[in-house]
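A short write-up of the structure that comes next.
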Amino acid sequence: MPSKKSKEELYQEGRHRGYPKIVAEGDSWFSVVIYRDLIDHLSSYRYAIRNAAHFGDEIERDMLAADRRDEWLDLIDDDTEALVFSGGGNDILDVNALKALIVPKTQTTTQSELVDQNELGRRMVRLKGHYEDVIALTHQKAGRQLPIVTHGYDYIVPRDQPTTLLWVGIAGPWAWKVMNSSEPYSKGITLKADRTYIMKTLVDAFNDMLTGLATDPVHQSYFKVVDARNTIQDDWKDEIHPNSKGFRRVARKFHDTLKSVI
């Protein structure tokens, strides 16, 4: 099997061929190294994508940090036709976030009580503010209302399956550790129905927050959201990352959305 081309190689080829320039910033959905991710597949739709994404990045800690945000903002110039953005998954689905969001299961805990709704609400307000910052910074740098396309996440399936490199676990699992592992902080979520409810609640809340921004008259002409729910199906590489086939499905939705704004 031939090695996959780097993001920079794909970008340079696209620019040479005159494809529209897009800047990408985000997390691991945009920055898988060992197989074709969302950006790799999106590039095949004839876009030249300059990618600044990093595996594991959070919006506040990394993408908007004073010493990091210029990495992607400086890539935006007069030729840029859109920003594609992937952020928020690590803010609600990494171990520390899940430890704060999930309530321990006891004999009297009902399913609807397994998510701390107050904490979830606070995190959605904070993430909405971060996205508004991304919009403002992008438009300030571009000097115009540059289109921005982002995405929600699909319903992850908690399981004891880490990210691997050469068959060695290098990250994760995430939800499984918090829900049903031997870790001292495990919440004792042993029932599949309970785990499914928790993931659906968190992913739906994040998607609803993004949809609210996208339908706001202030933003609706340039801020677009790809709904990735029920898209990946069984094509997961690990607990929270699609495999190449799953990423290809999401990339198709990105392409359909980009066509409406550039």
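The values are calculated or read from the model by the stated rules, or taken from the named source; none is laboratory data. Since the model is a prediction, treat every value here as computed from it, not as a measurement. Ideal geometry is used to build each Cβ from the backbone, glycine not excepted, and the neighbour counts take in all protein chains shown.
List of remarks:
- Residue among ARG17, ARG61 that is among the charged types (D, E, K, R) and either more than 19 Å from LEU258 (Cβ to Cβ) or in contact with a helix residue (DSSP H, G or I) (Cβ under 6 Å, 6 or more places away or on another chain) (or both): ARG61
- Set VAL95, VAL103, VAL115, VAL84: member being in contact with a helix residue (DSSP H, G or I) (Cβ under 9 Å, 6 or more places away or on another chain) and more than 24 Å from LEU210 (Cα to Cα): VAL103
- As a summary of the residue check, ILE189 satisfies the conditions (1) over 25 Å from LEU101 (Cβ atoms); (2) in a loop (DSSP other than H, G, I, E, B); (3) among the hydrophobic types (A, V, I, L, M, F, W, C) except for the one numbered (1).
- Exactly one residue out of VAL261, VAL226 is of a type in the set (A, V, I, L, M), in contact (Cβ under 8 Å) with a residue 40 or more places away in the chain and within 15 Å of TRP29 (Cα to Cα): that is VAL226.
- When the test is whether a residue is among the acidic types (Asp, Glu), closer than 24 Å to ASP94 by Cβ and surrounded by 21 or more Cβ atoms within 10 Å (Cβ to Cβ), ASP154 passes it.
- Within region 66-91, the residues that satisfy the criterion of being closer than 20 Å to ASP37 by Cβ, among the aliphatic types (A, V, I, L, M) and touching a residue at least 60 places away in the same chain (Cβ under 8 Å) are ALA82, LEU83, VAL84.
- Those helices (runs of 4 or more DSSP H) of region 65-155 in which at least 3 residues are more than 18 Å from LYS200 (Cα to Cα) and either within 21 Å of the chain's Cα centre (by Cα) or modelled with pLDDT under 95 (or both), considering only elements entirely within it, cover 70-73, 117-142.
- The set of residues in region 208-238 being farther than 23 Å from ILE262 by Cβ and not acidic (Asp, Glu) consists of MET209, GLY212, ARG229, ASN230, ILE232, GLN233, TRP236, LYS237.
- Looking only at region 34-54, and only at residues there that are assigned to a loop (DSSP other than H, G, I, E, B) and either touching a Gly at 6+ places or on another chain (Cβ under 8 Å) or free of Cβ contacts under 8 Å to residues at least 40 places away in the same chain (or both), the one that is surrounded by the most Cβ atoms within 10 Å (Cβ to Cβ): ALA53
Quick grid of which residues meet (1) under 30 Å from LYS105 (Cβ atoms); (2) crowded, with 21+ Cβ neighbours inside 10 Å:
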position	(1), (2)
SER182	yes, no
LEU191	yes, no
LEU202	yes, yes
ASP208	yes, no
PHE223	no, yes
GLN233	yes, no
THR257	no, no
